[in-house]
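To keep things clear, I will list the structure first and then write my remarks on it.
Computed from the coordinates by the stated procedures, all read-outs in this text should not be read as laboratory data. Everything quoted here is computed from the prediction, not taken from an experiment. We place every Cβ from the backbone using ideal geometry, glycine too, and count neighbours over all the protein chains shown.
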């Protein structure tokens, strides 16, 4: 019975390795597989699954940290892109105005 819990922990280890390598797409697919496997397990694990579950919990915490940092980095990048878009729009508005001639300014 604890073999299924150990398999779940091994999947989490693989998912973590993929995330650490920056392969978020593959990690996402593996995470979905891990979720399916977890859903098929009984709600109350057997006592012999304790070590696998403790390992799984520690791995899951590391996965959460990596995903949180990645999400924050993406949010920062999106904010920078939005500021850049606003600047481009501002320059575009200026560029669409006719240039003032020296005699018109003076």
When the Debye formula is applied to the Cα atoms of region 2-97, each taken as the same point scatterer, what base-10 log of I(q)/I(0) results at q = 0.11, 0.18, 0.23 Å⁻¹? -0.47, -0.83, -1.11
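Please give the contour-minus-distance gain from residue 43 to residue 21: 0.36 nm per residue of separation, less the Cα-Cα distance, rounded to one decimal in nm.
Values: separation 22, 0.36 × 22 = 7.92 nm, distance 3.20 nm.
Result: 4.7 nm gained on full extension.
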Highest average packing first - 41-53, 68-80, Cβ atoms within 10 Å: 41-53, 68-80
Could you work out how far apart the two model spin labels at residue 51 and residue 77 are, taking each label as a point 7 Å from the Cα in the direction of the beta carbon, and quote it in nm? 4.0
Cβ-Cβ FRET estimate between residue 88 and residue 32, R0 fixed at 30 Å, reported to 0.05: 0.20
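Return a whole-number percent for the relative contact order of region 2-97, with Cα pairs under 8 Å and 6 or more residues apart as the contact set. Show your work: numbers first, answer last.
Working: 49 pairs, mean separation 33.8, N = 96.
Answer for region 2-97 is 35 percent.
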